[in-house]
Amino acid sequence: MTRLEAGNAGRPRGARALRAACAWLVVLGLGWFAAVAADWRTPPRGEGPEAVPVRQLDGQPYLGVNDLARLLDATKFWRSDARRLVLRTGSHTLTLVADNPFVVVDDATVWLPAPVRSMLGELQVPVAIVDTLPSDSLVPRLFFDPRRSRVIVLPPSGGVGSPRLSGSDGTTRLVFPADHADEAVVVARSREHFRLRFGGVFTGALPDSLPPGLVRAIRPIAAAGGSAFELAIAPEAAGFRLLQDVDNRRVTLEFSRASESPLEEFAPEGAPGPRSLRVIVLDPGHGGGDFGVSAGGAVEKNLALSLARMLKTELERRFRTRVVLTRSDDRGVTEVERAEIANRARADLVLSLHLDGFSDPRARGATVYCPPATFAESGEGSLASASTLTLLPWREVATRHAVESRALAEALLSSLELRGQGPTRLRERLAYGLLGVNAPGLLLECATLTSPQDRERVTQEQGLHELAVTLADGIEAYQRNQ
């Protein structure tokens with residue numbers, strides 16, 4: 001047969017081959033889509049709890065045994081003759097038999113509300129099995145979330161349940177069941193944006209409506225490695241208390257109208273509406289012969305400058321603003337010179353960047369220093385009233401902006417806590433880095449270099465970049481002032 005004849009004879013076969021190839025491409029495409037969909041259904045690590053979907057079979061929630069094995073990090077052993085599957089995780093075993101409602105957990109036989117079923121070559125197990133698992137540190141703790149039809153792996157901090165709201169005698173109480181009540185922390189104290197963070201995953205549901213009281217609204221907000229909530233508090237609330245009942249696993253937020261009670265104060269709030277940020281001044285601490293804190297090969301002056309450069313880039317990307325650095329290289333700058341740079345630039349915000357150090361290596365996290373927000377009410381050099389002329393020492397001019405500075409501190413500390421870069425501390429004190437600064441500002445110890453955990457994070461480029469993004473998020477929240 002000639003080549004031409006072979007080519008002509010092969011045309012029908014070629015068409016069939018082409019159709020077959022297209023069919024295979026469709027199959028591969030569907031397989032790729034299914035794999036991508038599987039990736040979407042399970043949140044990446046660090047962005048939420050590991051989770052797998054649950055399906056309904058005859059009105060019962062079921063979990064695929066492959067998903068169960070993955071959540072438990074278990075090894076599978078299948079005996080086809082007995083239709084029996086054994087899962088081994090740590091020192092524990094689970095034995096499942098197709099079409100059988102019993103599961104053997106180690107040496108105990110447990111009855112399930114429905115039988116184990118086989119579907120498309122995979123066993124399907126009633127979700128009730130998650131309640132039969134051994135409760136020790138060797139087995140991941142699973143939780144069935146019926147609202148989202150999924151099973152999740154709870155972190156070591158456990159879960160946070162549905163809050164209960166009650167009130168009487170001018171007091172409103174919000175009670176959260178929480179496996180680790182000691183990890184609850186208030187991360188923002190303003191009435192409009194009061195924020196509470198937990199280490200555990202939220203496994204409950206928020207109420208559709210709230211009864212009359214001091215809590216006007218509550219909603220979940222994003223938090224790294226845990227859960228967080230933002231509350232709107234009525235203006236007549238005088239203060240709050242956070243009560244952590246570790247033994248009974250609950251956290252109580254108590255808001256009260258009675259100012260005479262031993263309450264914590266809310267953060268002062270400025271005028272509503274977006275804030276103008278035409279000029280932002282970043283002040284990398286130390287420089288030249290002043291090294292700042294040195295620990296494990298990390299030097300504060302170098303990290304502060306690198307962070308300032310990253311933050312400058314991030315802020316210029318987000319805002320139409322001019323970002324000024326008090327130093328752009330390794331040189332010494334006096335406190336007077338830093339203040340003069342900020343004042344000559346007519347700064348709308350000044351952020352002095354530092355990294356902390358303690359003798360105790362267990363100390364970690366961030367600390368912010370801002371002018372006392374109560375300065376305008378009492379004390380030496382106070383602004384007694386709007387109708388009186390008060391002369392302030394030049395070094396204390398930053399106290400004129402104490403309320404705005406406190407709002408900036410709330411926004412930054414909240415951002416750090418929600419990104420898992422805490423714990424955070426607030427100190428109402430006029431820090432040396434703010435002496436003579438005529439603008440809202442604060443001194444931020446962004447992390448603790450003497451902490452191995454913090455040091456490892458900020459000495460890596462990715463960790464330092466994440467810190468810059470977190471600070472930019474806080475500044476953006478301060479600017480929006482919503």
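Identify all residues within the stretch 124-161 that are in a strand (DSSP E or B) and either within 27 Å of the chain's Cα centre (by Cα) or at pLDDT below 85 (or both); write none if there are none.
Those that are in a strand (DSSP E or B) and either within 27 Å of the chain's Cα centre (by Cα) or at pLDDT below 85 (or both): LEU142, PHE143, PHE144, ASP145, ARG150, VAL151, ILE152, VAL153, GLY159, VAL160.
Identify the residue in the stretch 225-236 that is in contact with a Phe, Trp or Tyr (Cβ under 6 Å, 6 or more places away or on another chain) and at pLDDT 95 or above and, among all such residues, is farthest from PHE266 (Cα to Cα).
Filtering the stretch 225-236 down to residues in contact with a Phe, Trp or Tyr (Cβ under 6 Å, 6 or more places away or on another chain) leaves 226-227, 231, 233.
Now restrict to residues that are at pLDDT 95 or above: 231, 233.
Details: LEU231: 13, ILE233: 10 Å.
Taking the candidates together, the pick is LEU231.
What number of residues in the stretch 345-362 are in contact with a helix residue (DSSP H, G or I) (Cβ under 7 Å, 6 or more places away or on another chain) and polar (S, T, N, Q)?
1
For residues in the stretch 227-250 being hydrophobic (A, V, I, L, M, F, W, C) and within 19 Å of SER414 (Cα to Cα), which is surrounded by the fewest Cβ atoms within 10 Å (Cβ to Cβ)? Let's see the steps before the verdict.
The first filter runs over the stretch 227-250 and keeps only residues hydrophobic (A, V, I, L, M, F, W, C), leaving 228-229, 231-234, 237-238, 240, 242-243, 246.
If we keep only those that are within 19 Å of SER414 (Cα to Cα) as well, we get 228-229, 231-233, 240, 242.
Working: ALA228: 21, PHE229: 21, LEU231: 22, ALA232: 16, ILE233: 22, PHE240: 24, LEU242: 14.
Top of the filtered list is LEU242.
Going by the conditions given, is SER259 modelled with pLDDT under 90, part of a loop (DSSP other than H, G, I, E, B) and among the polar types (S, T, N, Q)?
Yes.
Just checking, does the stretch 217-224 include any residue being within 20 Å of the chain's Cα centre (by Cα) and either in the same structural domain as ASP473 (by TED's automatic domain parsing) or surrounded by 20 or more Cβ atoms within 10 Å (Cβ to Cβ) (or both)?
Scanning the stretch 217-224 turns up at least one residue that is within 20 Å of the chain's Cα centre (by Cα) and either in the same structural domain as ASP473 (by TED's automatic domain parsing) or surrounded by 20 or more Cβ atoms within 10 Å (Cβ to Cβ) (or both).
If I ask for residues that are surrounded by fewer than 15 Cβ atoms within 10 Å (Cβ to Cβ) and modelled with pLDDT of 90 or more, which ones from the stretch 266-288 would you list?
Answer for the stretch 266-288, where residues must be surrounded by fewer than 15 Cβ atoms within 10 Å (Cβ to Cβ) and modelled with pLDDT of 90 or more: PRO274, SER276, ARG278, GLY288.
Look through ALA411, ALA447 and report the one residue that is at pLDDT 90 or above, touching an Asp or Glu at 6+ places or on another chain (Cβ under 9 Å) and part of a helix (DSSP H, G or I).
Being at pLDDT 90 or above, touching an Asp or Glu at 6+ places or on another chain (Cβ under 9 Å) and part of a helix (DSSP H, G or I) holds for just one of ALA411, ALA447, which is ALA411.
Residues to consider are GLY296, GLY289, GLY270; find the one that is in contact with a helix residue (DSSP H, G or I) (Cβ under 6 Å, 6 or more places away or on another chain), at negative phi and not assigned by TED's automatic domain parsing to the domain that holds PHE202.
Numbers: GLY296 fails: at negative phi; GLY289 fails: in contact with a helix residue (DSSP H, G or I) (Cβ under 6 Å, 6 or more places away or on another chain).
Every option except GLY270 fails the conditions.
Which of the strands (runs of 3 or more DSSP E) contained wholly in the stretch 162-232 include at least 2 residues that are among the charged types (D, E, K, R) and in contact with a helix residue (DSSP H, G or I) (Cβ under 6 Å, 6 or more places away or on another chain)?
On the way: elements: 164-168, 171-177, 185-189, 194-198, 215-221.
The strands (runs of 3 or more DSSP E) meeting that bar are 194-198.
Out of curiosity, is ASP283 touching a strand residue (DSSP E or B) at 6+ places or on another chain (Cβ under 8 Å), of a type in the set (Asp, Glu) and closer than 30 Å to THR326 by Cα?
Answer is yes for this residue.
The values are calculated or read from the model by the stated rules, or taken from the named source; none is laboratory data. Computed from a predicted model, the values in this text were never measured in an experiment. In this analysis, Cβ positions are derived from the backbone assuming ideal geometry, glycine residues included, and neighbour counts consider all displayed protein chains.
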